[in-house]
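Participant: I have a structure here, written as structure tokens, and I will follow up with some questions on it.
No lab work stands behind these numbers, since they all come straight from the coordinates. All values reported here derive from a predicted model rather than from experimental measurement. So basically every Cβ, Gly included, is an ideal-geometry build from the backbone, and we count neighbours across all protein chains shown.
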Amino acid sequence: MKVIDEGPVQVQPARSARWKKHHAEDLAGRSYTFICVALLIVIIISIIYFVASKGLATFFRDGVSLGDFLFGTTWDPEGNQGEPQYGVLPFIFGSFATSLLAALIASPLSICASLFMTEIVPGWGKKLLQPVIELLAGIPSVVYGFIGLTVVVPFMRNVFPGQGIGIAAGALVLSVMILPTITSVASDALSSLPRGLKESSFALGATRWQTISRVILPTVLPSILTGVVLGMARAFGEALAVQMVIGNAPHIPRSLFESASTLTSVITLDMGNTVSGSVHSNALWSMALALMFMTFIFVLIVRLLERRHRI
Amino acid sequence: MKLKKPLLMICTLALVVMLAACGSKNTQEDSSASGTANNDKSSELSGSVLAVGSTALQPLVEQTAQKFMAESQYSKIQVQVQGGGSGTGLTQVSGGQADIGNSDVFAEEKLKDEAKELVDHQVAVVAMAAVTNPDAGVDNLTKQQLVDIFTGKVTNWKEVGGKDEAIVIVNRPSSSGTRKTFEKYALGASTEDLKGSIQEESSGTVKKIVSESPGSIGYLALSYLDDKVKVVKYDGVEATVENVTSGKYPVWAYEHMYTKGEPKPAVKAFLDYIASDAVQNGDVVELGYIPVSKMEVKRDVDGNVSK
């Protein structure tokens, strides 16, 4: 930036036509990017403001206590059992359970896939797997949900006790959805490793497996964890696919094969049927706020992981 | 200085963008309002109609909107139909964002004071029936048996005369219009979401799950019924159109199209079109609803039925 700004001082015939043209180009380009950035900032700030103003109204205007909201286990916003109750603990539990389980299923698979692509068969392995994974990332979540409902749920119903619906089915569907996220982050990290590291390991007489397990993996672990956290964040925020297979009962389930809910599934389920401004609707906004808060935490974790390990 | 300049720029830009957004909205409203105000004569009606709300009513409104716009005298009217749920429909019509709010329930059940401003146009009747998986082996359920099932007192089909199979409840969300109707007129009370019960967002999914999971019970509008699910008699009465119109079968509700105050001409033309005999006896029946005119009984907000 400094160099460009000081440019005109060095140019001797101060206002040549070419200089003017470049200056105008520079200005146009700069204003254009400024407009884009400003728009982005305005959008982000207004979304946060909007969600926060609606979500916080539950506590400040409608007088629901934060403790009851976060730790209450009864969700009865329509007041079917007397006083309306707005406990969202079952949903928070459901969200964490599904996304953790999904990450647990998907991580080993994606780490192996990225190792295969970058270390074991870098040639055709990458050529074959890369498009497959990109395709996986491009499939819309409704499709995943629909497949989940027609394939995963009946399978679960036949193999395990219960109706096939539940956290297990949700986690399984989500794990396929977050596979590409983790795989692409992990393979990027693996392929950006300095060659010297691997070569010196081989030079010391280590086998390929020893190199992978003792040199490569420990070095890229933080990056892989970043991928896992990003994958979890996606799983946490996914609504449609989960909602179709999880059953949506507002309770903490006794097993993985019993109907449960996540924060997102309840929001999509109830959204259209609530009147805006009602406590029920505001409670949904508070859940949206909680979701956003969780996303911030996920981003924070990613940032910390990135900062701690730079190769 | 260098730092302040871009900051200033961002602020001005933000302001410009906001103002632009507000401005465009105003002009849009103006144009649609003036479009209808200038053309009071029915031959020259024009303008736009936005109907938002209930997904249960949406197929009917969409189909009639298509036909309505194809009619030569209404060709200048643009009808847009959106889903979003009864709550959204009522909120938007009372807030003035939509011209028509479609709802499965009376506005008084969702809104408070705002409901007084809304004018009700009942365009169809929807009846609902309890359905089970064909495996359950039950043909008839009394009101008390249904209540026991949906409140969790009865958990096995053999207790109500069926097979030895655990009962799985497939509900709609507690805020859904279909569920409200079923609870109000079939069970007589609202129920709690039981542990292990399933909640699905749409009737299509409810049907899919009930038809596949052994021992499951749910409820669907008549238009969704077919051989894949077993339709259960209610207190010995079959869920047929005749039984609904004669008042023998009580589990039904009006489909409402609300306007705020008296509708503007273009909106009124559309509502009249839906209420016309051609649509009532054609599209309404074809899509599985029951025409309001056929009903031999009437029902008010509080659920009182009169001949």
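Participant: Could you list B:90, A:256 in order of exposure, starting from the residue whose Cβ has the fewest other Cβ atoms within 10 Å?
Facilitator: Fewest-to-most Cβ neighbours within 10 Å comes out as A:256, B:90.
Participant: Taking neighbour counts of Cβ atoms within 10 Å as a proxy for exposure, in what order, fewest first, do A:294, A:156 appear?
Facilitator: By the 10 Å Cβ count, ascending: A:294, A:156.
Participant: If you don't mind, another one. Ignore the peptide's own chain and count Cβ atoms of other chains within 10 Å of each Cβ in A:238-251; give me the average, rounded.
Facilitator: 4
Participant: Hey, another quick one. Which helices of chain A meet both criteria: a Cα extent of 30 Å or more along the helical axis and a mean Kyte-Doolittle score no lower than -1.0, with helices taken as whole DSSP H segments?
Facilitator: Those that clear 30 Å and a mean of -1.0 are A:17-60, A:89-115, A:167-191, A:279-308.
Participant: Looking at the square roots a ≥ b ≥ c of the eigenvalues of the Cα gyration tensor of chain A, which shape do they give, rounded for a/c under 1.5, prolate if a/b is larger than b/c, or oblate?
Facilitator: oblate
Participant: Report, in degrees rounded to the nearest 10, the 0 to 90 angle that the Cα long axis of helix B:58-70 makes with the longest principal axis of chain B.
Facilitator: The angle comes out at about 50 degrees.
Participant: A further question on this structure: What is the average number of partner chain Cβ atoms found within 10 Å of a Cβ in B:87-94?
Facilitator: The mean count of partner-chain Cβ atoms within 10 Å per residue comes to 4.
Participant: Assign unit charges at the C-beta atoms only (+1 for Lys and Arg, -1 for Asp and Glu), then state the dipole size of chain A relative to its Cα centre in Debye, rounded to the nearest 20.
Facilitator: Dipole about the Cα centre, nearest 20: 1340 debye.
Participant: Could I ask something else about it? If you average the sequence gap of Cα pairs under 8 Å that are 6 or more apart and divide by the length of segment B:126-246, what percent do you get for the contact order?
Facilitator: It comes to 43 percent, rounded to a whole number.
Participant: Note down the relative contact order for chain A as a percent, whole number, built from C-alpha pairs under 8 angstrom at least six residues apart. Write down the numbers at each step before the final one.
Facilitator: On the way: 390 pairs, mean separation 75.2, N = 311.
Taking the mean separation of contacting Cα pairs over the length of chain A, I get 24 percent.
Participant: Let me ask something additional. For chain B, what does -39500 (n - 2.57) per DSSP helix run (n ≥ 4), summed and divided by total residues, give at 222 nm, in deg cm²/dmol to the nearest 500? List each step's numbers first, then the result.
Facilitator: Values: 9 runs with 101 residues, N = 307.
The helix contribution divided over chain B gives -10000 deg cm²/dmol.
Participant: Let me ask something additional. Ignore the peptide's own chain and count Cβ atoms of other chains within 10 Å of each Cβ in B:195-207; give me the average, rounded.
Facilitator: If you average over the peptide's residues, the count of other-chain Cβ atoms is 6.
Participant: Given labels modelled 7 Å from the Cα in the Cβ direction, how far is it in nm from residue A:293 to residue B:156?
Facilitator: 4.5
Participant: Right, another one. For segment B:126-246, what is the largest minus smallest coordinate of the Cα atoms on each principal axis, given in angstrom and ordered from greatest to least?
Facilitator: Between the extreme Cα coordinates on each principal axis of segment B:126-246 lie 36, 28, 26 Å.
Participant: Ranked highest first by the average count of other Cβ atoms within 10 Å around their residues, in what order do B:116-129, B:167-180, A:269-282 fall? Working shown, then result.
Facilitator: Values: B:116-129: 20.0, B:167-180: 25.0, A:269-282: 21.9.
The peptides rank, most packed first, as B:167-180, A:269-282, B:116-129.
Participant: Determine the dipole magnitude for segment B:126-246: charges of +1 sit on the beta-carbon of Lys and Arg, -1 on that of Asp and Glu, nothing else is charged, the reference point is the Cα centre, and the result goes in debye to the nearest 20.
Facilitator: For this selection, approximately 220 debye.
Participant: Let me ask something additional. What percent does the relative contact order of chain B come to when contacts are Cα pairs within less than 8 Å and at least six residues apart? Spell out each step's value before the answer.
Facilitator: Values: 556 pairs, mean separation 69.6, N = 307.
Computed value for chain B: 23 percent relative contact order.
Participant: Another one. Highest mean first, what order results for A:60-73, B:224-237 on Cβ atoms within 10 Å?
Facilitator: Ranked from most to least packed, the peptides come out as B:224-237, A:60-73.
Participant: Among A:208, A:234, what is the fewest-to-most ranking by other Cβ atoms within 10 Å?
Facilitator: Neighbour counts put them in this order, fewest first: A:208, A:234.
Participant: Can you tell me what the convex hull of the Cα atoms of chain B projects to on average, as an area in nm²?
Facilitator: Taking the Cα atoms of chain B, their convex hull projects to 21.3 nm² on average.
Participant: To test your reading of the geometry: what angle, between 0 and 90 degrees and rounded to tens, separates the Cα axis of helix B:4-37 from the longest principal axis of chain B?
Facilitator: 70
Participant: While we're on this one: Among B:69, B:291, B:51, whose Cα sits farthest toward the positive end of the charge dipole of chain B (+1 at Cβ of Lys/Arg, -1 at Cβ of Asp/Glu, about the Cα centre)?
Facilitator: Selected residue: B:51.
Participant: Please report the projected area of the protein assembly as shown's Cα convex hull averaged over all directions, in nm².
Facilitator: Reported value for the Cα convex hull: 38.7 nm².
Participant: Turning to a different aspect of this structure: Report Rg/Rh for segment A:18-150, rounded to two decimals, where Rg is the Cα radius of gyration and Rh the Kirkwood radius.
Facilitator: Details: Rg = 24.9 Å, Rh = 21.0 Å.
Rg/Rh: 1.19.
Participant: Same structure, new question: Among B:243, B:196, B:132, which residue has its Cα positioned farthest towards the positive end of the charge dipole of segment B:126-246, with +1 placed on the Cβ of Lys and Arg, -1 on the Cβ of Asp and Glu, and the dipole taken about the Cα centre?
Facilitator: Comparing the listed Cα positions along the dipole, B:196 ranks first.
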